[in-house]
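Chemist: Before I ask anything, let me first share the structure, which is written out below as structure tokens.
The values are calculated or read from the model by the stated rules, or taken from the named source; none is laboratory data. These numbers were taken from a predicted model, which means no experiment stands behind them. Here the Cβ is made from the backbone with ideal geometry for all residues, glycine too, and neighbour counts use every protein chain on show.
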Amino acid sequence: MKKLLFILIALTLFLPVQAISASNPVKGGNLVVAQPAEPPGLDPTANTAAAIDRVVWANVFETLVKVDDQGQVLPGLAKEWNVSADGKIYTFSLRAGVKYHNGEPFNAEVAKWNLERAMGPKTVNPHPEYFRVIENIQTPAENTLKITLKDVDALFLVHMAEGDASLLPITGYKDAKSHPIGTGPFKFAKWVRGDRVELTRFDGYWNPELPYLDKVTFRFISDASAQTAALMAGDIDVIGWIGSPESALELAKNKRFKVLDGASTSDMILSTNNKAEPFNNLKVRQAMAHAIDRQMIIDLAMSGFGTPIGSHWSPAAPYYVDMAGTYPYDLEKAKQLLAEAGYPGGFEAVLQVPPKYAYTVRVGEVLVDQFSKIGIRLKMENIEWGQWIKRIFLNKEYQLTIIGHAEAWDIGIYANPKYYFQYDSQEFRDAYAKALKAPNEKEKAKWFGETQRIIARDAVNGFLISSPSLPVMKAEVMGWWKNYPTIALDCTKVWLKK
Amino acid sequence: MTRYLVRKLITLIVLLFLVSITVFSVLFVLPGDPAEIILGMNATPETLANLRAELGLDRSFIVQYANWIGSLLTGRGSMSINYDVPVYDLILSRLAVTGPLAIFAICFAVVISLPLGIYAARHQNQPGDVIVMFFTQLGLATPEFWLGILLILLFAVKWGLFSAGGFPGWSVSFWGSAKALLLPSFALGVIRASILTRLTRSSMLEVLREDYVRTAWAKGLRERTVVYVHALKNALIPVVTILGLQMGQLMAGAIIIENVYYLPGLGRLVFQAIGQRDLPVVREIVLFMAAAVIFVNFIVDLTYAVLDPRVRLT
């Protein structure tokens with residue numbers, strides 16, 4: 001009801017405004033964007049932190065192809081491409097005359113150097129596997145890049161649109177951590193450490209129409225109430241990803257602001273150690289799945305924002321299958337399954353949550369209450385993020401934890417039995433391999449759908465909700481992405497209504 | 001005095017050495033190394049090994065410690081892993097925020113607490129004293145972040161007199177920067193003032209009962225002379241001690257208020273560096289803090305000598 005009311009308010013307030021102004025963007029103006037985390041360095045090819053991509057991807061650095069806020073793959077530095085009939089050879093026609101911010105030219109040789117660096121033995125790229133499917137790279141002409149893959153890879157193209165595949169200049173790459181140089185619409189101006197990163201319009205951008213803004217400043221404000229106060233006081237124009245959904249609800253009532261309730265790639269899950277007692281028992285996991293009331297999590301912990309999910313796939317992405325009904329909320333069924341599994345009185349377990357991500361604590365509290373109804377007594381413990389990575393993620397010393405998996409197209413993690421869920425299923429691995437090698441869209445949809453069904457059926461983790469995108473901004477900010485189908489705060493087409 | 005200085009200097013060096021070993025070992029055994037944090041949920045054994053080699057984390061404890069101390073002694077210091085600038089520069093730039101913030105806060109605290117404390121002591125158990133005590137009790141119970149947010153809502157959101165946070169930088173705008181520190185230092189200062197007011201009051205009450213004060217009264221001196229010239233000086237000794245401790249605490253303890261006002265200060269830097277395992281930054285800030293606390297205590301010692309001629313620095 002709350003959500004319905006909010007949507008109605010949002011519709012009446014913003015639709016007419018956007019309809020009038022979407023036609024003629026205005027040039028000029030400065031935009032101040034708040035994001036909670038300061039990036040640890042500004043090189044997206046050397047660090048996995050989402051905060052880096054949110055500042056530099058599509059703004060400073062570009063990739064061969066890019067995605068828009070609907071998740072569609074669009075031309076980037078490649079103006080077009082074609083794939084051979086067997087799906088193994090990608091030929092990209094690159095844009096001619098593209099220059100880096102320092103004047104270096106971009107061409108096929110530069111692209112080749114970047115890809116080889118990412119797949120090389122000394123790589124520190126967080127995702128070398130994106131590139132290691134490449135068998136060889138040829139540059140038959142200055143602006144033609146011909147990539148031959150070892151095998152068909154349905155995700156190769158979307159991977160080339162991610163921050164990890166950013167194309168850096170050959171001489172200007174060395175200082176990318178502190179002084180990034182790219183081909184994007186904005187060039188790096190200054191990083192006041194601890195406070196902000198400033199980007200200014202790049203006049204030599206290959207698309208002379210863009211960008212609209214003169215300057216974009218990213219400010220780092222981690223405290224959720226400080227973000228809201230800064231927006232209300234007029235210090236910032238946009239909160240890229242609001243930390244407290246309840247503030248979004250408040251701000252949406254104010255005519256000066258608007259809230260975009262879109263989808264993101266972040267799947268929030270109750271990660272479960274499938275090798276640990278008693279979670280190695282399918283019936284226990286099924287019982288838990290029956291005891292989760294997702295709508296209550298959305299209402300209590302997320303102020304009504306978010307979409308229930310039943311598997312590890314974003315509703316915003318292609319090939320999505322709605323599996324939320326696999327194990328409907330049913331306490332009797334849950335108790336029965338627990339009894340069948342040999343735990344008629346339930347059991348005790350430890351749920352570890354990293355308070356660095358505030359939602360994990362909120363959602364954890366709701367889950368503790370929900371599981372108590374079938375006799376599962378969860379003890380909730382806070383764990384510092386560095387220890388989470390070490391103990392839970394790398395050493396797998398845990399029973400349950402909550403986290404949002406932010407990467408798009410990441411269902412492949414279930415194919416790795418050493419991943420921290422420790423889920424080991426040959427059936428899943430076969431289905432995933434078939435999905436990757438699917439020759440056409442129909443087969444892709446079939447097999448990616450199948451992978452979603454298998455992990456939903458096996459109740460590998462507690463699949464909770466797809467996190468909302470929830471950017472909040474002043475009413476005059478136009479062209480901001482509603483959905484976040486990839487990790488980005490793309491300002492290329494953002495403009496300010498006068 | 002010279003002997004005193006030499007002794008202080010030796011203490012400083014020995015202490016810093018001990019601090020350096022402690023902080024290095026603690027961070028060494030802390031679960032989660034920089035490479036693990038950087039690669040996060042994408043870490044694979046291969047990329048971890050590559051990154052550890054690049055950051056020099058694959059070497060032994062002794063080698064890493066020796067390298068660090070070596071870089072400190074040659075005056076270069078280490079580089080921040082995340083920020084890619086010398087830690088020394090980072091500390092200096094952050095000190096330009098936290099230093100004035102702490103000083104402003106202490107000024108607020110002193111300006112509020114001394115007159116109130118003296119007033120309360122002079123009017124012990126009268127209505128004025130009761131009111132002062134009530135408000136200091138309230139101040140002690142108020143969390144900094146709450147007062148910080150309250151001030152933002154009032155002065156920034158409602159009245160629009162201040163910005164809600166941030167720091168323009170001294171070179172960009174001097175008055176803008178000073179203004180940006182006003183609300184946070186007030187929030188910090190008010191709470192410290194509560195402690196100082198109570199301390200000034202009790203210290204003052206004690207001194208006012210001393211024999212020499214009775215003598216002063218008996219001589220027929222005016223009230224102002226007795227209180228402000230004779231009594232106050234002695235009553236200030238415990239106050240100065242606490243003030244010194246608070247100053248040291250403020251240098252690092254401003255973490256919360258720096259987060260509420262998103263000020264690029266030292267507290268937020270060290271907080272963030274611990275979370276991201278930017279170990280060089282954590283180590284050198286801890287060392288710096290230790291040195292700062294020792295220095296402030298040194299100043300406090302000097303102040304005793306000024307306040308009370310019987311104290312000799314030997």
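Chemist: Scan (1) at pLDDT 85 or above; (2) surrounded by fewer than 16 Cβ atoms within 10 Å (Cβ to Cβ); (3) closer than 26 Å to residue B:170 by Cα for the single condition residue B:291 breaks and write down its number.
Modeler: (1)
Chemist: Separate question: Right, residue A:267: closer than 30 Å to residue A:351 by Cβ, of a type in the set (D, E, K, R) and within 24 Å of the chain's Cα centre (by Cα) or not?
Modeler: yes
Chemist: Give me a count of the residues in the range A:420-433 that are surrounded by fewer than 17 Cβ atoms within 10 Å (Cβ to Cβ) and either of a type in the set (Phe, Trp, Tyr) or part of a loop (DSSP other than H, G, I, E, B) (or both).
Modeler: 1
Chemist: Give the range A:32-68 a look and list any residue that's surrounded by 24 or more Cβ atoms within 10 Å (Cβ to Cβ), away from chain B (no Cβ under 14 Å), farther than 21 Å from residue A:117 by Cβ and touching an Asp or Glu at 6+ places or on another chain (Cβ under 9 Å), or say none.
Modeler: A:59 - this is the single residue of the range A:32-68 that is surrounded by 24 or more Cβ atoms within 10 Å (Cβ to Cβ), away from chain B (no Cβ under 14 Å), farther than 21 Å from residue A:117 by Cβ and touching an Asp or Glu at 6+ places or on another chain (Cβ under 9 Å).
Chemist: Are any residues in the range B:253-275 touching a Gly at 6+ places or on another chain (Cβ under 6 Å) and surrounded by fewer than 22 Cβ atoms within 10 Å (Cβ to Cβ), and if so, which ones?
Modeler: Within the range B:253-275, just B:255 meets the criteria.
Chemist: Residues that are hydroxyl-bearing (Ser, Thr, Tyr), exposed (fewer than 14 other Cβ atoms within 10 Å of the Cβ) and at pLDDT 85 or above: which helices (runs of 4 or more DSSP H) entirely in the range B:1-110 hold 1 or more of them?
Modeler: Because the criterion is at least 1 residues that are hydroxyl-bearing (Ser, Thr, Tyr), exposed (fewer than 14 other Cβ atoms within 10 Å of the Cβ) and at pLDDT 85 or above, the helices (runs of 4 or more DSSP H) in the range B:1-110 that meet it are B:2-29.
Chemist: For the range A:215-226, how many residues meet the condition of being at pLDDT 95 or above and either away from every other protein chain (no Cβ under 11 Å) or in a loop (DSSP other than H, G, I, E, B) (or both)?
Modeler: Residues in the range A:215-226 being at pLDDT 95 or above and either away from every other protein chain (no Cβ under 11 Å) or in a loop (DSSP other than H, G, I, E, B) (or both): 3 in total.
Chemist: Exactly one condition in (1) within 14 Å of chain A (Cβ to nearest Cβ); (2) within 28 Å of residue B:264 (Cα to Cα) is not met by residue B:52; state its number.
Modeler: Unmet condition: (2).
Chemist: For the range A:434-462, how many residues are small (Gly, Ala, Ser), closer than 18 Å to residue A:158 by Cβ and in a loop (DSSP other than H, G, I, E, B)?
Modeler: Residues that pass the stated criteria total 1.
Chemist: Also, quick follow-up: Any chance you could count how many residues in the range A:117-126 are facing another protein chain (nearest Cβ under 7 Å) and either aromatic (Phe, Trp, Tyr) or free of Cβ contacts under 8 Å to residues at least 60 places away in the same chain (or both)?
Modeler: Adding up the residues that qualify gives 2.
Chemist: Same structure, new question: Please go through the range A:250-298 and pick out each residue that is within 17 Å of residue A:465 (Cα to Cα) and part of a strand (DSSP E or B).
Modeler: A:263, A:264, A:265, A:266, A:267, A:268, A:269, A:270, A:271, A:272
Chemist: Can you go through A:163, A:172 and tell me which one is within 14 Å of chain B (Cβ to nearest Cβ) and not hydroxyl-bearing (Ser, Thr, Tyr)?
Modeler: A:163
Chemist: Return yes when residue A:288 is over 22 Å from residue A:261 (Cα atoms), buried (at least 18 other Cβ atoms within 10 Å of the Cβ) and not aromatic (Phe, Trp, Tyr) and no when it is not.
Modeler: So residue A:288 fits the description; yes.
Chemist: Among the residues of the range B:132-169, how many are facing chain A (nearest Cβ under 7 Å), assigned to a helix (DSSP H, G or I) and touching a residue at least 40 places away in the same chain (Cβ under 8 Å)?
Modeler: Qualifying residue count, the range B:132-169: 2.
Chemist: Related question: Would it be correct to say that residue A:452 is of a type in the set (S, T, N, Q), surrounded by 16 or more Cβ atoms within 10 Å (Cβ to Cβ) and either modelled with pLDDT of 95 or more or touching a strand residue (DSSP E or B) at 6+ places or on another chain (Cβ under 8 Å) (or both)?
Modeler: Criteria met by residue A:452.
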